[in-house]
Amino acid sequence: ATHKLWGGRFAGGPSPLLDAINRSIGTDFRLWPHDIRLSRAWALALAKAGVFTMDEADALRSGLDRVAARIADGAQPIATDEDIHTMIDRLLHEEAGTVASKLHTGRSRNDQVATASRLWTMDACRKLDVAIRELQQALLTQAEQIADAILPAYTHLQRAQPVSGAHWLLAHFWPLERDRARLANALRGTSTLPLGSGAIAGSAFPVPRDVLRDELDFLAISPNSIDATGDRDFVAETMFVCTMVAVHCSRIAEDMIIYGSSEFGFIKFGDGFSTGSSMMPQKRNPDVFELARGGGARVLGDLVSLLGTIKGLPSGYSKDLQDDKRAMFNAVDLLHLVLPSMAGAIGELRFNRERMRGAVSSAMMATDLADYLVKKGATFREAHGAVGSLVRQAEEAGIEMTELPAAAFSTAHALFGDDARDALGAEASLAARNIAGGTGPEAVRVQIAQAHAALAAH
Ligand code: ARG
């Protein structure tokens, strides 16, 4: 038999097309543990409000527990279950009998779905934090492995200056740390309780909302029932954080893909996260990183779709909001594939220190050579010009700057001494940069400790 939460005012039945376009259980089924939880709290609150007895509340609560057990055991929706709230209501009638018909007193699916979605999102934020942290841990572990390796850092993807291997990898750690702070903020913003708002004007029964808040572990109670039922800022904020995480994963992936090419040869992908080719027997492809990069576009699309949904809505609930869950679940699900596989692929990377070091050419220490002149009293502009001429001479001769004759140095600038070439060493270049946040060995040691502290903090 059809179990419907509405329909009394209609003479005719719904079109099958209405059922098809309206039905959301394929998406919102996963809200069930949260819907059960908020319904248990609602039963208690209604009893406290004097709507029914504590015995009835107990019957409803144990009925809801049996419904939860049935769903956990694999109970499936039937064709007429419009959404998860309808399905749970149907099963509750089977489990608890007519008292089930009292549960929906003073509430609407509008405050119900807003509450269930917030509970789901709070849970999702906590789980995402764990997944992000695991990726950070993978980066940190590898960073420690290659703390003393030296490779070029690139601007415009042109060789710029030498940096330590740890400094490069940790450049990807801190964006994720900021994402975790954003996530904590999104979680806080989500922790406002809509339940008690009814359909839009607030429940007419004296339900103790503070009891609901405490039962459901919310931090605050919504101050406006119109806002509370139509507000999906928490979805937008969470999805923005998901997008930032995906963007950061994409940038990590991009570095790995480039550095893993034969032309760079800085890293080798492990067997667990490499794919082969159906045609070319020699291939070892970094598909995980490519899929992470591609996935970033999908998450961004989900965010844009959600913002587009919210943008044109009048105040209060409109059915467009049913689509919020599809967008958010897609984004979160994707991150739960991308984050652990990135962590796994990074954990398996092998680094080729010789290739890294070999890519550091003496011209990359041109800045250090200019700094040398500054320390001898030249202005930086003047030093820049003198070193630039040496760069050009080496380039034209097809040699390293260290191979230029001593005369070339003294001609370029009178302040160059015998020790000028020492300024062209990569190790010296790093050693000069122990400024906080720099790539010097001491500074990187401090940075690694900061990264450990960040992971231990929460
Ligand atoms: N499935 C709906 C959603 O996800 C539940 C709320 C329906 N409310 C309503 N008044 N029809 O948004």
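The values are calculated or read from the model by the stated rules, or taken from the named source; none is laboratory data. Given the structure is predicted, the values throughout are model-derived calculations rather than measurements. Quick reminder, even Gly has a Cβ in these numbers, built from the backbone with ideal geometry, and neighbours come from all protein chains shown.
Residues in region 438-457 that are surrounded by 14 or more Cβ atoms within 10 Å (Cβ to Cβ) and small (G, A, S): G438, G440, A443, A451, A454. Among the numbered conditions (1) among the hydroxyl-bearing types (S, T, Y); (2) under 21 Å from V51 (Cα atoms); (3) assigned to a helix (DSSP H, G or I), the only one that T105 does not meet is (3). Scanning region 95-147 for residues that are of a type in the set (S, T, Y), farther than 24 Å from R178 by Cβ and touching a residue at least 40 places away in the same chain (Cβ under 8 Å), we see that the one that is farthest from the ligand (Cβ to nearest atom) is T105.
Of everything in region 375-384, what is without any contact (Cβ under 8 Å) to a residue 40 or more places away in the chain, farther than 18 Å from Q161 by Cα and surrounded by fewer than 16 Cβ atoms within 10 Å (Cβ to Cβ)? Give them in sequence order.
K375, G377, T379, R381, E382
Charged (D, E, K, R), within 17 Å of the chain's Cα centre (by Cα) and either assigned by TED's automatic domain parsing to the domain that holds Y317 or surrounded by 17 or more Cβ atoms within 10 Å (Cβ to Cβ) (or both), is that true of R213? Judged against the criteria, R213 is not a match. Residues in region 1-29 that are of a type in the set (F, W, Y), more than 9 Å from the ligand (Cβ to nearest atom) and within 41 Å of the chain's Cα centre (by Cα): F29 alone.
Just to be sure, is I267 at negative phi, within 16 Å of the ligand (Cβ to nearest atom) and touching a residue at least 60 places away in the same chain (Cβ under 8 Å)? Walk me through it before giving the result.
Values: at negative phi: yes; within 16 Å of the ligand (Cβ to nearest atom): no; touching a residue at least 60 places away in the same chain (Cβ under 8 Å): yes.
Here the answer is no, as I267 does not meet what is asked.
Report yes if D320 is under 27 Å from E144 (Cα atoms) and touching a helix residue (DSSP H, G or I) at 6+ places or on another chain (Cβ under 9 Å), otherwise no. Judged against the criteria, D320 is not a match. Applying a threshold of 8 Å to beta carbon distances and a minimum spacing of six or more residues, or different chains, the list of pairs starting in region 432-453 at a residue that is touching a residue at least 60 places away in the same chain (Cβ under 8 Å) and within 13 Å of L169 (Cα to Cα) and ending at one that is of a type outside the set (D, E, K, R) and surrounded by fewer than 16 Cβ atoms within 10 Å (Cβ to Cβ) reads Q447/G437.
Let's see how each residue does on (1) touching a helix residue (DSSP H, G or I) at 6+ places or on another chain (Cβ under 7 Å); (2) modelled with pLDDT under 95; (3) of a type in the set (D, E, K, R):
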residue: A49; (1), (2), (3): no, no, no
residue: F52; (1), (2), (3): yes, no, no
residue: A57; (1), (2), (3): yes, no, no
residue: A72; (1), (2), (3): no, no, no
residue: A79; (1), (2), (3): no, yes, no
residue: D83; (1), (2), (3): yes, no, yes
residue: E94; (1), (2), (3): no, no, yes
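All of V360, V338, V391 fail the test of being touching a Gly at 6+ places or on another chain (Cβ under 9 Å) and of a type in the set (V, I, T), apart from V338. Any residue at all in region 228-251 that's part of a helix (DSSP H, G or I), out of contact with any Gly (no Cβ under 9 Å at 6 or more places or on another chain), basic (K, R) and in contact (Cβ under 8 Å) with a residue 40 or more places away in the chain? Scanning region 228-251 turns up no residue that is part of a helix (DSSP H, G or I), out of contact with any Gly (no Cβ under 9 Å at 6 or more places or on another chain), basic (K, R) and in contact (Cβ under 8 Å) with a residue 40 or more places away in the chain.
Of the helices (runs of 4 or more DSSP H) lying entirely inside region 13-81, those containing at least 3 residues that are surrounded by 15 or more Cβ atoms within 10 Å (Cβ to Cβ) span 25-28, 32-48, 54-72. The residue pairs whose first member lies in region 310-329 and is basic (K, R), whose second member is within 12 Å of the ligand (Cβ to nearest atom) and assigned to a loop (DSSP other than H, G, I, E, B), and whose beta carbons are closer than 9 Å, counting only pairs six or more residues apart or on different chains, are K325/S24; R326/S24.
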